[in-house]
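Here is the structure we will look at, set down as structure tokens.
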Amino acid sequence: EAEGVWLTCADGRKMIDAMSSWWCATHGHRHPQIVDGMKAQIDRMPHVMFGGLTHDPAIALGRRLLSLLPETLDRIFYCDSGSVAVEV
């Protein structure tokens, strides 16, 4: 189990998660607003693979990003990890 900075072991011992990911280090485990946002998203669309597919929120985000960039940057490429971004 995890809550805030704490991890709870199977035997009930608690320890500080000093090696957590960026999001957990910044916001803690199970931050209420993040959990609520995740629950709302999974009820609408749990997963999208962008391999030739898209959806309205991705299109809206792409348009918003393009509006902020110089005109010479006119494409958006979504990827699901840093390694994919580097490969592309």
statement: The residue that is least open to solvent (accessible area, probe 1.4 Å), considering only those in region 1-32 that are assigned to a helix (DSSP H, G or I) and closer than 24 Å to residue 82 by Cα, is 24
message: What's the total number of residues in region 51-88 that are touching a Ser or Thr at 6+ places or on another chain (Cβ under 9 Å) and not aromatic (Phe, Trp, Tyr)?
response: 1
- request: Any residue in region 5-21 that's free of Cβ contacts under 8 Å to residues at least 40 places away in the same chain: show its pairings with residues that are open to solvent by less than 100 Å² (accessible area, probe 1.4 Å) and among the acidic types (Asp, Glu) at Cβ separation under 9 Å, as long as the two are six or more apart or on different chains.
  value: 5/17; 6/17; 7/17
query: Can you tell me which of 56, 74, 36 is under 22 Å from residue 23 (Cα atoms) and among the acidic types (Asp, Glu)?
result: 36
message: residue 72 - would you say it is at pLDDT 90 or above, farther than 16 Å from residue 3 by Cβ and out of contact with any Asp or Glu (no Cβ under 8 Å at 6 or more places or on another chain)?
response: yes
- line: Among the residues of region 62-82, the number that are part of a helix (DSSP H, G or I) and free of Cβ contacts under 8 Å to residues at least 12 places away in the same chain is 7
field: Filter result for the condition that a residue is within 16 Å of the chain's Cα centre (by Cα), outside any loop (DSSP other than H, G, I, E, B) and surrounded by 11 or more Cβ atoms within 10 Å (Cβ to Cβ), over 85, 40
entry: 85
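Here is a yes/no grid of residues against (1) under 25 Å from residue 79 (Cα atoms); (2) touching a helix residue (DSSP H, G or I) at 6+ places or on another chain (Cβ under 9 Å); (3) at pLDDT 90 or above; (4) not hydroxyl-bearing (Ser, Thr, Tyr):
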| site | (1), (2), (3), (4) |
| --- | --- |
| 9 | no, no, yes, yes |
| 15 | no, no, yes, yes |
| 24 | yes, no, no, yes |
| 33 | yes, yes, yes, yes |
| 39 | yes, no, yes, yes |
| 45 | yes, yes, no, yes |
| 50 | yes, yes, no, yes |
| 54 | yes, yes, no, no |
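The values are calculated or read from the model by the stated rules, or taken from the named source; none is laboratory data. Just so it is clear, the model here is predicted, and its values are computed rather than measured. A quick note on method: Cβ atoms are made from the backbone with ideal geometry, for glycine too, and the neighbour counts reach across all protein chains shown. Quick note on the areas: whole protein, heavy atoms, side chains included, nothing else; ligands and nucleic acids left out. Shrake-Rupley method; radii C 1.70, N 1.55, O 1.52, S 1.80 Å.
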